[in-house]
Amino acid sequence: PERFAGLGTIPLQDPAAAVSELEFVVGTLGFRGVEIPTNVNGTELSSAEFDPVWAKASEIGAVVMLHPLGFTEARRFEDYYFTNVIGNPLDTTVALHHLIFGGVLERHPGLKILAVHGGGFLPAYSGRIDHAWGARADARGSLPEPPSSYLAKMYFDTTVFTSHQLEYLVRQYSSDHILMGTDYPYDMAEYYPLQHIVSATALSDREKANVAGESSVRFFGLSPRRT
């Protein structure tokens, strides 16, 4: 238990019950947080009805791990497994946009959000959200700071399959915010997650150690392994 910890689930379709369950899984069961989907029956996570959930997660320091369900309205994704290849990272991308522009991270700066699959497409194209925020009043929302400043507070896993994308994530968001992921046991998993990290030659040994485990130890509040 000093090295491994679980994540719970919460019934977001009933936000009051979700708050109660979040307190139970973290406070009573000792889990480090919860895994949630990127929307709730089509309702965005930035909707006001979920604000008590975000407030509680921030208050108790709970990790919130986002995992996609597959993109809604995906009629163009029927061939070639595009429902997953494009749809899953796109689903996460849309959810992160709503969390940022909807002001969730502005209202709750202490949130610990982990977005799997490298955070979808947004971390690789974050300049576009800042440009829109500066160029258009309807894209600014109520954000006092550029959207990418909120994105930088999030955490991402390593399931991106190429060294150059992993290296980019580390350079852009720091090795403290990148955690080893596997997506095990699915066929879209990263089969050799440690080799994936070690083979990223542009990363220093310190960065590789962080990504391979030390950032996760800190993020989940675990005890470092004793040797």
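The values are calculated or read from the model by the stated rules, or taken from the named source; none is laboratory data. In this text the structure is predicted, and so the values were computed from the model without any measurement. All Cβ positions, even for glycine, are placed from backbone atoms using ideal geometry, and neighbour counts span all protein chains on display. The accessibility values were calculated without ligands, DNA or RNA, using every heavy atom of the protein model including side chains. Shrake-Rupley method; radii C 1.70, N 1.55, O 1.52, S 1.80 Å.
Summary table
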| item | result |
| --- | --- |
| Some residue of the range 128-144 being in a helix (DSSP H, G or I), modelled with pLDDT under 95 and of a type in the set (D, E, K, R) | yes |
| Only listed residue being closer than 23 Å to ASP187 by Cβ and under 14 Å from the mean Cα position of the chain (by Cα), chosen from GLU35, GLU78 | GLU35 |
| Criterion violated by THR159 - all others in (1) open to solvent by 30 Å² or more (accessible area, probe 1.4 Å); (2) under 27 Å from TYR81 (Cα atoms); (3) not acidic (Asp, Glu) satisfied | (1) |
| Residue match in the range 167-178 (condition: in contact with a Pro (Cβ under 9 Å, 6 or more places away or on another chain) and open to solvent by 50 Å² or more (accessible area, probe 1.4 Å)) | yes |
| Residues satisfying the stated conditions in the range 183-227, i.e. under 23 Å from VAL85 (Cβ atoms), open to solvent by 50 Å² or more (accessible area, probe 1.4 Å) and in a loop (DSSP other than H, G, I, E, B) | TYR184, PRO185, TYR186, ASP187, MET188, TYR191, TYR192, SER199 |
| Counted residues, the range 22-41 - those being out of contact with any strand residue (DSSP E or B) (no Cβ under 7 Å at 6 or more places or on another chain) and either basic (Lys, Arg) or surrounded by 14 or more Cβ atoms within 10 Å (Cβ to Cβ) (or both) | 4 |
| Qualifying positions in the range 1-35 - in contact with a Leu (Cβ under 6 Å, 6 or more places away or on another chain) and assigned to a strand (DSSP E or B) | GLY33, VAL34, GLU35 |
| Residues that are open to solvent by 10 Å² or more (accessible area, probe 1.4 Å) and either in a helix (DSSP H, G or I) or touching a Pro at 6+ places or on another chain (Cβ under 9 Å) (or both), drawn from the range 55-67 | ALA55, LYS56, SER58, GLU59, ILE60, HIS67 |
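Yes or no, residue by residue, for (1) within 19 Å of THR92 (Cα to Cα); (2) surrounded by 16 or more Cβ atoms within 10 Å (Cβ to Cβ); (3) in contact (Cβ under 8 Å) with a residue 60 or more places away in the chain; (4) not hydrophobic (A, V, I, L, M, F, W, C):
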{"residue": "LEU111", "(1), (2), (3), (4)": "yes, yes, no, no"}
{"residue": "HIS117", "(1), (2), (3), (4)": "yes, yes, yes, yes"}
{"residue": "GLY120", "(1), (2), (3), (4)": "yes, yes, no, yes"}
{"residue": "SER126", "(1), (2), (3), (4)": "yes, yes, no, yes"}
{"residue": "TRP133", "(1), (2), (3), (4)": "no, yes, no, no"}
{"residue": "ASP138", "(1), (2), (3), (4)": "no, no, no, yes"}
{"residue": "SER142", "(1), (2), (3), (4)": "no, no, no, yes"}
{"residue": "GLU145", "(1), (2), (3), (4)": "no, no, no, yes"}
